Amino acid sequence: MTTRGRTTKVFTEKIEAGKSHRVPDEVIVEEPISIRLDGELVGTTMRTPGNDFDLAVGFCFTEGLLQEAKVKSIRYCGQSNASEAEFNDVTVDTDGLGIKPVARLGPASSSCGICGVEAIENLLEFLKPLDIEPFDIETLTSVAEDIQKEQDLFSATGAVHAAMAFDRSGRSVVIREDIGRHNAVDKIVGHLCLEESLPANEMGLWVSGRASFEMVQKAWAAGFACLVAVSGPSGLAVDTAKAAGMQLGGFARGNRINLYY
């Protein structure tokens with residue numbers, strides 16, 4: 001079974017109405033990636049291969065490691081060549097101008113291990129509250145239509161999350177899919193960073209799944225005016241959005257949305 005692409009073929013036994021038959025099926029690929037800043041390991045995560053450079057840059061940006069440093073180059077690395085390493089090791093180079101990293105030894109996750117008040121206080125040390133005009137409600141309730149049309153991997157596998165940056169007219173700017181919600185967002189942020197389109201003050205961020213603290217933190221770091229999620233937010237996400245001055249929406253499905261203040 002090859003895993004170089006974003007999907008792979010397997011056999012599955014489909015059972016329906018008491019009848020079964022064995023057929024080929026398409027499933028999403030999940031592989032680890034090591035992310036380095038100036039050659040030093042800063043994190044590992046399980047991701048869907050594709051847009052790896054965007055993911056690496058976005059991760060470094062939303063973790064606060066780039067600050068004012070410019071990305072000079074991005075490359076696959078590791079002890080062997082990229083092909084032998086299966087393109088699962090990426091380094092972002094800033095000529096040493098990035099923040100000296102502290103490696104995440106385990107996979108990246110939303111479990112930060114600190115209390116809510118401390119988490120928000122830590123963010124306020126390097127992120128300033130946003131002073132941005134909120135989006136029109138009609139725009140926020142319309143954006144889901146665009147992303148549903150462009151979720152190719154979800155249509156093929158039913159096993160990935162998606163994120164979309166959209167402008168004030170509700171038009172899609174960039175869409176990314178990944179097995180991890182946080183990866184999809186980092187791929188969006190990395191793309192915008194490399195396009196020199198950050199801070200994204202005139203854009204909103206749509207995410208599948210819930211609005212967690214981590215999603216709000218990443219949206220805040222990138223300067224998005226709002227975060228819109230298909231499912232509900234956590235209490236800490238609501239508190240963090242308040243601290244950020246960010247518009248936060250949940251249960252955005254069809255023509256409905258819940259706004260949290």
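If you scan region 145-195, which residues turn out to be among the charged types (D, E, K, R) and not in a helix (DSSP H, G or I)? Step through it out loud before you land on a result.
Applying the first criterion (among the charged types (D, E, K, R)) to region 145-195 yields 145-146, 149-150, 152, 167-168, 171, 176-178, 181, 186-187, 195.
Within region 145-195, Asp167, Arg168, Arg171, Arg176, Glu177, Asp178, Glu195 meet the criteria.
Considering region 241-261 alone, what residues qualify as being among the basic types (Lys, Arg) and in a strand (DSSP E or B)? Show your work before the answer.
Pass one, region 241-261, residues among the basic types (Lys, Arg): 242, 253, 256.
Selection gives Arg253, Arg256.
Are any of the residues in region 223-233 under 17 Å from Glu138 (Cβ atoms), in contact with a Phe, Trp or Tyr (Cβ under 8 Å, 6 or more places away or on another chain) and not hydrophobic (A, V, I, L, M, F, W, C)? Let's see the steps before the verdict.
Step one: of region 223-233, the residues under 17 Å from Glu138 (Cβ atoms) are 225-226, 228.
This time we only want the ones that are in contact with a Phe, Trp or Tyr (Cβ under 8 Å, 6 or more places away or on another chain), so: 225-226, 228.
From the residues that got through so far, the ones that are not hydrophobic (A, V, I, L, M, F, W, C) too are none.
No.
Residues that are surrounded by fewer than 17 Cβ atoms within 10 Å (Cβ to Cβ) and within 19 Å of Glu63 (Cβ to Cβ): does region 159-168 have at least one?
Let us first name the residues in region 159-168 that are surrounded by fewer than 17 Cβ atoms within 10 Å (Cβ to Cβ), namely 159, 167-168.
Checking which are within 19 Å of Glu63 (Cβ to Cβ) leaves us with none.
No, because not a single residue in region 159-168 is surrounded by fewer than 17 Cβ atoms within 10 Å (Cβ to Cβ) and within 19 Å of Glu63 (Cβ to Cβ).
Applying the selection to region 29-69, what residues are within 19 Å of Glu125 (Cβ to Cβ) and assigned to a helix (DSSP H, G or I)? Please lay out each step first, then the result.
So in region 29-69, the residues within 19 Å of Glu125 (Cβ to Cβ) come out as 42, 60-69.
If the condition is that a residue be within 19 Å of Glu125 (Cβ to Cβ) and assigned to a helix (DSSP H, G or I), then Cys60, Phe61, Thr62 are the ones that fit.
I'd like the full set of residues that are modelled with pLDDT under 90 and surrounded by 16 or more Cβ atoms within 10 Å (Cβ to Cβ), limited to region 88-104.
Within region 88-104, the subset modelled with pLDDT under 90 is 99-104.
Ile99, Pro101, Arg104 - these are the residues of region 88-104 that are modelled with pLDDT under 90 and surrounded by 16 or more Cβ atoms within 10 Å (Cβ to Cβ).
Listed here are the residues, each with its yes/no results for (1) surrounded by fewer than 24 Cβ atoms within 10 Å (Cβ to Cβ); (2) under 19 Å from Val160 (Cα atoms).
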{"residue": "Leu205", "(1), (2)": "no, yes"}
{"residue": "Ser212", "(1), (2)": "yes, yes"}
{"residue": "Gln217", "(1), (2)": "no, no"}
{"residue": "Gly223", "(1), (2)": "yes, no"}
{"residue": "Gly232", "(1), (2)": "yes, yes"}
{"residue": "Val238", "(1), (2)": "yes, no"}
{"residue": "Ala241", "(1), (2)": "no, no"}
{"residue": "Ala244", "(1), (2)": "no, no"}
{"residue": "Asn255", "(1), (2)": "yes, no"}
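Does region 105-162 hold any residues that are at pLDDT 85 or above, in contact with a strand residue (DSSP E or B) (Cβ under 6 Å, 6 or more places away or on another chain) and among the small types (Gly, Ala, Ser), and which are they?
Matches in region 105-162: Ala162 only.
If only one of Ala229, Ala200, Ala225, Ala219 is farther than 30 Å from Ala69 by Cα, of a type outside the set (S, T, N, Q) and at pLDDT 95 or above, which one is it? Don't jump to the end; show me each part of the working.
Numbers: Ala200 fails: farther than 30 Å from Ala69 by Cα; Ala225 fails: farther than 30 Å from Ala69 by Cα; Ala219 fails: farther than 30 Å from Ala69 by Cα.
Just a single option satisfies the conditions, and that option is Ala229.
I need the full set of residues from region 209-240 which are in a loop (DSSP other than H, G, I, E, B) and in contact (Cβ under 8 Å) with a residue 60 or more places away in the chain, in order please.
If we filter region 209-240 for residues that are in a loop (DSSP other than H, G, I, E, B), which is where we start, we get 209-210, 212, 223-225, 230-232, 234.
Result: Ser212, Gly223, Ala225, Val230.
For Glu177, only one of the following conditions fails: (1) under 27 Å from Gly235 (Cβ atoms); (2) among the acidic types (Asp, Glu); (3) touching a Leu at 6+ places or on another chain (Cβ under 6 Å). What is its number?
(1)
Which residue, of Ser155, Ser169, is out of contact with any Phe, Trp or Tyr (no Cβ under 7 Å at 6 or more places or on another chain), free of Cβ contacts under 8 Å to residues at least 40 places away in the same chain and within 17 Å of Cys226 (Cβ to Cβ)? Please lay out each step first, then the result.
Values: Ser155 fails: within 17 Å of Cys226 (Cβ to Cβ).
It is Ser169.
Does region 196-208 hold any residues that are out of contact with any helix residue (DSSP H, G or I) (no Cβ under 6 Å at 6 or more places or on another chain), under 22 Å from Glu145 (Cβ atoms) and in a loop (DSSP other than H, G, I, E, B), and which are they? Step through it out loud before you land on a result.
First, the residues of region 196-208 that are out of contact with any helix residue (DSSP H, G or I) (no Cβ under 6 Å at 6 or more places or on another chain): 196-197, 199, 201-204, 208.
So of that shortlist, the ones also under 22 Å from Glu145 (Cβ atoms) come out as 202-204, 208.
Selection gives Glu202, Met203, Ser208.
Quick one: in region 135-158, which of the residues that are surrounded by 15 or more Cβ atoms within 10 Å (Cβ to Cβ) and closer than 18 Å to Met246 by Cα is nearest to the chain's Cα centre (by Cα)?
Val143
At pLDDT below 95, surrounded by 12 or more Cβ atoms within 10 Å (Cβ to Cβ), touching a strand residue (DSSP E or B) at 6+ places or on another chain (Cβ under 9 Å) and under 30 Å from Asp239 (Cα atoms) - does that describe any residue in region 54-63?
Yes, there is a match, as at least one residue in region 54-63 is at pLDDT below 95, surrounded by 12 or more Cβ atoms within 10 Å (Cβ to Cβ), touching a strand residue (DSSP E or B) at 6+ places or on another chain (Cβ under 9 Å) and under 30 Å from Asp239 (Cα atoms).
Among residues belonging to region 169-193 that are buried (at least 23 other Cβ atoms within 10 Å of the Cβ) and among the aliphatic types (A, V, I, L, M), point out the one that is farthest from Phe251 (Cα to Cα).
Leu192
The values are calculated or read from the model by the stated rules, or taken from the named source; none is laboratory data. None of these values were measured; they are calculated from a predicted model. Glycine gets a Cβ as well: all are built from the backbone with ideal geometry, and neighbour counts include every protein chain shown.
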